[in-house]
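The values are calculated or read from the model by the stated rules, or taken from the named source; none is laboratory data. Given the structure is predicted, the values throughout are model-derived calculations rather than measurements. Quick reminder, even Gly has a Cβ in these numbers, built from the backbone with ideal geometry, and neighbours come from all protein chains shown.
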Amino acid sequence: MKRLPIRVSIAAVAALMAGAAWAQSPALPTPKVEEVMVKTSLLTLNDGNLTGNYNVLYAKMATPFRERFSSDALKQAFKSFAGHHIDAIAAMSIVSTSEPRIDEQGTLMLRGYFDTTPSRLTYELDFAVSEGEWKLIAIDVKVRSVTSSASATDLVAHTAADIGGAERKH
């Protein structure tokens, strides 16, 4: 498959994560709440893709992300998505590719896809507790053809502030 890699990956200072908020790992959200988190995040991304204005998505990101990046960084990371609709997911069911989990740094990791035949929208969303609620810290989205021959319209984008201070591995 032909991939158009767009990556913005920056390690946040680990000291940002020190403190009482990270000492206790919060409980996993319910499946319904997880679905709302995924769809809200991706539909907000969709709005940015259609308008070219990523300020709302930026405002919904966790504090460590906002401290390291601007809304322009999001715009650059998702420039291959500009003008592309991904809003069809609103009425679709999530297909999880792994069980939701909270890692040792307190990051909620949600992985899955939407069967948007003839393509598939795959997501990896990481959330951190910020300002008292789960907020995005990393977003990795791919739209790929599910046919055997990949299309030139395959889209890949990733942007993250790693709350642990190390680069994310893919």
Right, Ala88: at pLDDT below 90 and touching a Pro at 6+ places or on another chain (Cβ under 8 Å) or not?
no
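Kindly check whether there is at least one residue in segment 95-110 that is in contact (Cβ under 8 Å) with a residue 60 or more places away in the chain, part of a strand (DSSP E or B) and in contact with a helix residue (DSSP H, G or I) (Cβ under 7 Å, 6 or more places away or on another chain).
Yes, the conditions are met somewhere in segment 95-110.
For segment 140-153, check the following and say yes or no: at least one residue is modelled with pLDDT under 70 and surrounded by 14 or more Cβ atoms within 10 Å (Cβ to Cβ). Explain how you work it out, then say what you get.
Taking segment 140-153 first, the residues modelled with pLDDT under 70 are 147-153.
Among the residues that remain, those that are also surrounded by 14 or more Cβ atoms within 10 Å (Cβ to Cβ) are: 151.
Yes: segment 140-153 contains one or more residues that are modelled with pLDDT under 70 and surrounded by 14 or more Cβ atoms within 10 Å (Cβ to Cβ).
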Those residues that are closer than 19 Å to Phe81 by Cα and surrounded by 18 or more Cβ atoms within 10 Å (Cβ to Cβ), I need them from segment 49-63; list them, please.
Asn49, Tyr54, Leu57, Tyr58, Met61
With respect to Leu121, determine if the residue is within 14 Å of the chain's Cα centre (by Cα), modelled with pLDDT under 95, of a type in the set (A, V, I, L, M) and surrounded by fewer than 20 Cβ atoms within 10 Å (Cβ to Cβ).
yes
May I ask you to list the residues in segment 64-99 that are surrounded by fewer than 16 Cβ atoms within 10 Å (Cβ to Cβ) and over 18 Å from Asp47 (Cβ atoms)?
Glu67, Ser93, Val95, Ser96, Thr97, Ser98, Glu99
Which one of these is outside any strand (DSSP E or B), within 16 Å of the chain's Cα centre (by Cα) and of a type in the set (A, V, I, L, M): Ile139, Ile89?
Ile89
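Matching residues to (1) under 16 Å from Glu133 (Cβ atoms); (2) outside any loop (DSSP other than H, G, I, E, B); (3) of a type in the set (Ser, Thr, Tyr); (4) at pLDDT below 95:
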residue	(1), (2), (3), (4)
Asn46	no, yes, no, yes
Asn49	no, yes, no, yes
Ala59	yes, yes, no, no
Phe65	yes, yes, no, yes
Ala73	no, yes, no, yes
Gln76	no, yes, no, yes
Ser80	no, yes, yes, yes
His84	no, no, no, yes
When you scan segment 24-44, how many residues do you find that are more than 18 Å from Phe114 (Cα to Cα) and part of a helix (DSSP H, G or I)?
0
